[in-house]
Structure formats: C-alpha cells, structure tokens
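**Student:** Provided herewith is a single structure, encoded as structure tokens, for subsequent inquiry.
Each reported figure results from applying straightforward, stated rules to the coordinates on display, with no laboratory input. Worth saying up front: this structure is predicted, and the values here are computed from it rather than measured. Neighbour counts are summed over all protein chains in view; Cβ atoms, including those assigned to glycine, are modelled from backbone coordinates with ideal geometry.
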Amino acid sequence: MLEIIRENNQAMYKKLFILIFILGSLYNNVKIYSQNKETYKDLIIKLDANIKGRKSILKEKENKINLIKNHLRSSNLSYKEKYEILTNLINEYIPYQFDSTVFYIRKSANLAYFNKDKDRYNESLINLALRYAYGGVYLEAYIILNNKIVEDDLPKNLKLNYYVAQHKLNDELSLYSVDAIQKKKSQELTKYYYQKINKIAPENSSEKVDNDIWNALNLNQFKQAKDIIKDQIKLCKNDTHNYAKLTYMLSLTERIQGHNEEMKIWLARSACVDMRLGIRDYASLSQLAKTMLEEGDIVHSMKFMNIITEDSHFFNSKLRPWQDSRILSEIEKAYNQHEKRIKTLRRILISFITLFSFLALLMFIYTKKRNNKLRITKKKLLKAYKELNASNIKLKSTNENLNNLNIIINEANLIKEEYIGVFLMMCSDYINKISTNRINVRKLLSQGKIEELKNEYDDVYSTDKDIKEFNSLFDTTFLKLYPHFVEEFNKILKPEKRVKLKQGEQLNTELRIFAMIRLGINDSAKIAALLRYSKSTVYNYRSVMRNNSLTDPNLFEEKIKDII
C-alpha cells in the first residue's frame, strides 16, 4: 500500500515539475518576445528618460549605501554579522566606486585577519585581486595572487574564486600588455585557468557560464556564445546588473558578426539598465556614444560622453579613464568639426539674412505706396460691401419669412385636406344614419309603436357610441398627421407628470385637448363643443399641463404648436 502511495506521489511530482517547466518556458518566451518588439528608437527614448531621472536614482543609491554603513556602525554586531554587512556594502560599491570598493575589501580582510579567520581573509584578498584586475591595477593583483595566497591551502570554493581572479588578470594582461613575451605567457595562463575553472565549477554556475562564453568568443564560435548568453538572459530579471552585463556581451557578438541594428538594440538595453540602477562602471554607454558618433548623431554622443566622463571620474579606477579617453577624443574631434560646419553655415545664413533684409526694405517702401492706393479703393469697396450686405440681410430675412409661410401653408393644406376628407366621410355617415333613423321612425309610427320609439330615442348608449366613434376617428386622423405627437408632448413635461396611455388608447382626454390646440383651435369653448367636454374640464386640463411643463408655463402651448 505504501509503495503504491509513493509511486502516485512520484507521478504527481513529476507532472508538477513538467508543468512548472512549461510555464517557466512560456514566461521566458513572452519576456523575450516583448523585448524583441522594442525598437532602437524606443530604447533611446527610454534611455534619455532614465538619464533625465538619474539624479534621484543616484541619490537612492547613496541612501542605500549610507543605510548599510549605519548598520555597520552598530556596536552589538558579531564578527560574522560585520563581515556579512561589509560584503553587502562591497557588492553595492563594486559597480559604483572603485576606491571605496577597495577600501571596504581591505577592511573586511583586516577584520578576518584579526579574528584569525583564514578562509575569509583569503576570500577578501582574492576579491581584492579580482577588483584590481578589473580596475587595471595589474601589479598589485599579481602580487596578491602569486605572493600572498597559497593555492594549495585554499578550500574548493575559494579555489574557484582564485582561478577566476587569475583568469581575469591574465586575460587583461594578454590584451593590454605591450611586451610580446608577457603577452604570450598571459595567453597561456588564461587558457590554463580556463581549464581549471571548467574542471571544478558546478554545472550552470555563473563561473562556468562566464568561462564557456569567454571560450566561445576566444575560439570565434559566435553562434555558440550568443546561444549561451541568450539562455542566461532568459533566466535573469531585466532590472539587474547581470542583465546589463549579458546584454552588453550579446551586443559584442552582434558587432563582430556585423549585425549593427541588433548590436545597437542590445547596447541600448544594457545602457538603460545601467542608468536605471545607478551603475557607474559600464561599457555599453561608451560603445553607444561611439556608434552614434559614427552615425552622425553628435549631440547624443556628446551628451552620453559627458555622463561617461563624470562617472569615470567618480568611479576612479585607472583603466576606465584610459579606455574612455580614446572614444572621447574621437567625439571631441567630430564635435569640433560639427561646430565648424555650423559656424560656416551661420555666416552664410547671416549673409542671406542681410541681403534679404535689404530686399525686404525695398519691398516695404514699394508695398507702402501700393497700400496707400489700395486703402482708398478698399474704403470704396467696403462701403459698397456694407450696402450690399445690408440688402442681403433684408433679402435673407424675407426669404426666411417666405419659407416659414410656405411651411405653415403646406402644413395647413395637409391638415385641411386630411380633415376635409374626414369631415366628408363623417357627414356621409351621419346622412346615412339620419336616413336610416327616419325610415325606422316612419315604420314605428305607421305601426303605432310610439312607446317603443320613445324608448329607442331615450337610450344614452347610442350617443356614447357615436362619441367614441368620433374620438377614435379623430385620434387616428390626428396621429396620422402627427405620428410622434405623444412622444414630443411628453418630452416637454416633467418626467413624473408625463402622460401614460392605457392599453389600446391612441389619445386620452388631455392629449385630445392639446391636439386641438396643435390644429390651431385655441378657444376652450370651441374645444369643449367639438370634443363634447365641459368648458371647465378643458380649462382645468390646460392649466394643469402648463404647470407640469419643464419650461416656462406661458410658452408651453407655443411649444405644442411647434410639434411636427
């Protein structure tokens, strides 16, 4: 039973691991895809923005360093805690200021020495030698690594650090040494320590990866180097110093292969991170400034070089100013040529402006004379224009009045035609009814049925039926003429006072009264007579509706007349 449970758990863990691996791959692919969408122009805009906010970034960096220093001053710290805090402080200073880095590494070495901690003492010395190798202080690095440290006394983890420092020192010497014998010896030692690192470095460790990249570049295996770097970029966050270093190395491989656009993009990405993190030891911005110089963007190039020079002085290593001075001299030369061209263009432009000013003066004198003549003509034309404009306004007003009259006449004709037809139809119906009634009366009289005749004409139902028929015919005819009357009527009433028709109703009492007003019948007595309502009913409805109006009650019925 336990065996089955164990197997199920193993299967479950295996599936979970596969799922995490797939999700990680998807995340990395999405991250690379989003990075690839950024254009060089977008990245330069981002870089300019990072440079603009750099003062606050550097201030934050200083605050962070001061916080660690304050922590270091605490009196109740143990030796190991002090050493750990010093390590954190050194890591903050490494990309920020060379001499402070050296100062605190020495301090950590002294702390380990006085506490008789040989391993940490050696660790500090190796770290100091590595910083010296990076900073161009080769003699001191050589003395530490070859005279002060005994390789055989080092534990495995420190041996790896020792080999990395030796590899870096000899690689630098092979690049910058002017002595051919020393250069050759350094090249051999670089390869020797490459093999040492490869032998003891754990797989996928940063030391192993950096070693593999160096070897691939050294053997001109640029595709392999790019693949390794890109794999590492996928694994690290894009706001770290490691990301900035990896993207810079990738730009170098692109440059060697002649992929200039890709090189610029990766350089810009690296520089963006350097600026955003407040790093002052970098190479990407220098290379970017040089590239921009080659492309003719001297303004950007000078702007970047000012930052580079400032950071180089602040970082204060021997190698940085020498490296940057070569690019700076090229940029200064190009900038001076650019300024010379601008001065030449400025002189030409001043000459053109002087000539143009003289011609403009002549034109001004000529134009002034012409303007005097035109002013007189303009006054005459303006007078004629005003007279013509006045006539046009009158004509326009007359036309508008005629148009309004035509609309009213057309509307009146339509109503007249519609209601004449209705009137004729109603007259015809009532003639037929009267004729039928007369025949019926004669028949009843001839048969002596006086009582039956009396009962028939005393029936109120017949009259009510006629009124309903009249109302229905009136509603249908009116809504045919004004199909939106009910909606428009409700629009000029307060929302809570709007008319709500019952099912089957076309118009109700108040709507019929205002329908008569829309047809031009304003007198309450006439409306009452036509609709067979009392005068007081008509008056009350008119008064209530006026008070329920959204607008001025006095203008309510005028608005009713405007409903189309």
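**Student:** With a ≥ b ≥ c the root eigenvalues of the C-alpha gyration tensor of segment 215-297, is it rounded (a/c under 1.5), prolate (a/b larger than b/c) or oblate?
**Tutor:** oblate
**Student:** Next question. Can you list the residues, at least 5 places off or on another chain, whose amide H is less than 5 Å from the amide H of Leu493, using H built in the peptide plane?
**Tutor:** Amide H neighbours of Leu493: Leu550.
**Student:** Local charge sum around Val273 (other residues, Cβ-Cβ under 12 Å, Lys/Arg +1, Asp/Glu -1)?
**Tutor:** Working: positive: Lys46, Lys237, Lys245, Arg269, Arg276; negative: Asp239, Asp274.
Residues close to Val273 contribute a combined charge of +3.
**Student:** What number of lysine-lysine pairs in segment 459-561 show an alpha-carbon separation below 20 angstrom, given a sequence spacing of 8 or more or placement on distinct chains?
**Tutor:** Final tally of qualifying lysine pairs is 23.
**Student:** Quick one: length gained pulling Tyr79 to Asn63 fully straight, 0.36 nm per residue minus the C-alpha distance?
**Tutor:** Result for the pair: 3.3 nm of gain on full extension.
**Student:** With viscosity set to 0.692 mPa s and temperature to 37 °C, compute the Stokes-Einstein D of segment 482-544, Rh being the Kirkwood radius across alpha carbon pairs; µm²/s, no decimals.
**Tutor:** The Stokes-Einstein estimate is 267 µm²/s.
**Student:** So which of Lys82/Lys185; Lys69/Lys118; Lys82/Lys290; Lys69/Lys168; Lys159/Lys264; Lys183/Lys237 end up more than 32 Å apart, counting from Cα to Cα? Could you put the intermediate results ahead of the total?
**Tutor:** Numbers: Lys82/Lys185 40 Å; Lys69/Lys118 25 Å; Lys82/Lys290 43 Å; Lys69/Lys168 30 Å; Lys159/Lys264 38 Å; Lys183/Lys237 37 Å.
Distance filter (> 32 Å) returns Lys82/Lys185; Lys82/Lys290; Lys159/Lys264; Lys183/Lys237.
**Student:** Could you give the distance between the Cα centres of segment 491-505 and segment 108-137, to the whole Å?
**Tutor:** 93 Å
**Student:** Shifting gears a bit: Grab the Cα-Cα distance for Asp466 and Leu501, subtract it from 0.36 nm times how many residues apart they are, and report the gain in nm with one decimal.
**Tutor:** Result for the pair: 10.4 nm of gain on full extension.
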